[in-house]
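Take a look at the structure below.
Please treat every number below as a calculation from the coordinates, not as lab data. Treat the numbers as computed from the prediction; the structure is a model and nothing was measured. No Cβ is skipped: glycine too gets one built from the backbone with ideal geometry, and neighbour counts run over all protein chains shown.
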Amino acid sequence: MQKKYTLKKLLTPVLIVLALTCMASMLVICYQLGVFDARYAYVREYAALLGKIDDVYIGDFYIEDVAEEAMHSAVEALGDRWSYYLSPAEYASFLDSINNRYAGIGISVVADDAIGGLRVTYVYKGSAAETAGIVEGDIITGVDGEDITGLDFNEMRAALARELGDSVTLTVLRAGGVVESISLVYSYVFIDPVSFEMLDGGVGYIYLSDFDRGAAQSFISAHNELIEQGASSFVYDVRSNGGGRLSELTEILDYLLPEGEIFVAVDKGGVEDITYSGAEFVDFPAVVLVNRHSYSAAEYFAAMLREFDRAVLVGEQTTGKNRMQTTYDLPGGGALHISSSQYLTRNRVSLYDVGGVAPDFPVGLTDEEFSLFMAGRLEFGDDPQLQQALALLG
């Protein structure tokens, strides 16, 4: 006898299957969203905190400020001095910095004690200031028609502050008492991290301020030019060099070092990623100048030249860093700059574990000498660290 099925009985299994399918799909979605992860609980707690602040707090506040401070604090809580959160504005400045550029007119200035105003001490190559004919020694006495000679240094600098693409008209007092009005547009200025000079005795001196974009090309060009001028030995000065890009560092090491391992990165799982140099390299006696503010790529540079027996070190114990950072873009325009691996020298030395690189010839600077060095006004003859290097090469 054939059974009769009502519509209800026919639909019930289908509805059960659909319900089970929906539940399974929701479980998958919840898992992907991290609902069952401990992190979800913290995110929910933070959202509840913001909601309560918004509901009951009697003072004025900007939710953007609260959120930004929370993100800064989240990364600071890791306890890693090399990791940090960058707000959108900080990230833009950071990108300019690692590209060795800034938005400006291309001058370095100091307060002029005799007349007032800002005396130009350096004009960057390719800048708007150079194009307009501004030279070292010019004194800026006015900005957009306003006299600045009665202001203090910070107020004068503030009067010059502009955004990329903005224009400014400067009143400039020139040699011989000539006063000119010069208009300029704020644009990107490339700051060459390398300066060099041929010293007595055929010693080529190269100062490297960082390892950011353009450093390798500038260093190699300077090195080759000094060789053409007759350099037979070199001083590489990385004092107060804060490091920079791995690609710039390894390009310079490849140029200076014989074939072998020149960089060893170790990821979170302990896996090594090794960079090798080629067989071709330049072969000259060298001294590397370091100080307590040489860290990251700078101290690694010094350590590797010594491990390859390509240079001796003069100066002070370096900072001691062995972590490498990666920068990740975030949806809101900011970024996370976080330690993602560690690095070791060819001999598998962690510069952090040994407290930095110890110089072969320890030589310090007085506070006054260091201040002059940082201001770019320490004469070579008055620099005891450089003089020690020259004595070793002589």
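How far is helix 246-256 tilted off the main Cα axis of the chain, in degrees rounded to 10, range 0 to 90? Between helix and principal axis, roughly 40 degrees. Of the two radii for the range 194-393, the radius of gyration is 0.98 times the Kirkwood radius, both from the alpha carbons; that is the Rg over Rh value.
Between Arg44 and Asp80, take the C-beta separation as r, use R0 = 25 Å, and let me know the FRET efficiency to the nearest 0.05. Here the calculated transfer efficiency is 0.45. Taking each DSSP H run with n ≥ 4 as -39500 (n - 2.57) and averaging over every residue of the chain yields -11000 deg cm²/dmol at 222 nm.
Is the range 289-394 best put as rounded, prolate or oblate by its Cα gyration tensor, with a ≥ b ≥ c the root eigenvalues, rounded for a/c under 1.5, and otherwise prolate when a/b is larger than b/c, oblate when not? It comes out oblate by the Cα gyration axes. A cut-off of 5 Å between modelled amide H atoms, ignoring neighbours fewer than 5 places along the same chain, links Ile148 with Gly142, Val143. Amide H to amide H distances under 5 Å link Val349 with no residue, where only residues 5 or more positions off or on other chains count and H is placed in the peptide plane. With both labels modelled 7 Å from their Cα along Cα-to-Cβ, the Asp192 to Val135 distance reads 1.9 nm.
Applying 1/(1 + (r/R0)^6) with R0 = 30 Å to the Cβ-Cβ distance of Phe361 and Asn224 gives a FRET efficiency near 0.60. Computed from phi, the 3J(HN,Hα) profile of the range 381-388 under the Karplus parametrisation 6.51, -1.76, 1.60 (θ = phi - 60°) reads x, 9, 9, x, 5, 5, 4, 5 Hz, with x in place of Gly and Pro.
Near Phe211, the amide H atoms lying under 5 Å from its own belong to Gly243, Gly244, Arg245; only residues 5 or more places off or on other chains count, and H is placed 1.01 Å from N.
Residue-wise HN-Hα couplings along the range 93-108, as the Karplus relation 6.51 cos²θ - 1.76 cosθ + 1.60 with θ = phi - 60° gives them from phi, are 5, 4, 5, 4, 4, 6, 9, 6, 9, 8, 8, x, 9, x, 9, 10 Hz; Gly and Pro carry x. Inter-label distance, Ala391 to Ser181: 5.8 nm, where each label sits 7 Å from its Cα along the C-beta direction. In order along the range 202-214, the Karplus-derived 3J(HN,Hα) couplings, from 6.51 cos²θ - 1.76 cosθ + 1.60 at θ = phi - 60°, round to x, 9, x, 9, 10, 9, 10, 7, 6, 10, 7, 3, x Hz, and Gly and Pro are given as x. By the gyration tensor of its Cα atoms, with a ≥ b ≥ c the square roots of the eigenvalues, what is the shape of the range 71-127: rounded for a/c under 1.5, prolate for a/b over b/c, or oblate? Note, shape of the range 71-127 comes out prolate.
Pairs of Cα atoms nearer than 8 Å and 6+ residues apart set the relative contact order; for the chain it is 12 percent. Helix 38-56 and the longest principal axis of the C-alpha atoms of the chain enclose an angle of approximately 80°.
Equivalent ellipsoid of the range 127-207: semi-axes from √(5λ) of the C-alpha gyration tensor, largest first, are 30, 17, 13 Å. Using R₀ = 35 Å, calculate the FRET efficiency as 1/(1 + (r/R₀)^6) where r is the Cβ-Cβ separation of Ala375 and Leu330; round to 0.05. It comes to 0.40.
The label-point distance for Ser167 and Ser350, in a model that sets each label 7 Å from Cα toward Cβ, rounds to 5.8 nm. Charge dipole (Cα centre; +1 on Lys/Arg Cβ, -1 on Asp/Glu Cβ; no other charges) of the chain amounts to roughly 2740 debye. Rounded, prolate or oblate: which one fits the chain, using the alpha carbon gyration tensor with axes a ≥ b ≥ c (rounded when a/c is under 1.5, else prolate when a/b beats b/c, else oblate)? Cα axes put the chain in the oblate bin.
Give the angle, between 0 and 90 degrees and rounded to the nearest 10, that separates the Cα long axis of helix 297-307 from the longest principal axis of the Cα atoms of the chain. Approximately 70 degrees, to the nearest 10. The residues neighbouring Gln385, those whose beta-carbon lies less than 10 Å from its own, together hold a net charge of -3 under the Lys/Arg +1, Asp/Glu -1 convention. Each Lys and Arg adds +1 at its Cβ and each Asp and Glu adds -1 at its Cβ; summed about the Cα centre, the range 194-393 shows a dipole of about 580 debye. Remark: the Tyr57-Tyr276 segment gains 73.0 nm on full extension, using 0.36 nm per residue and subtracting the alpha carbon distance.
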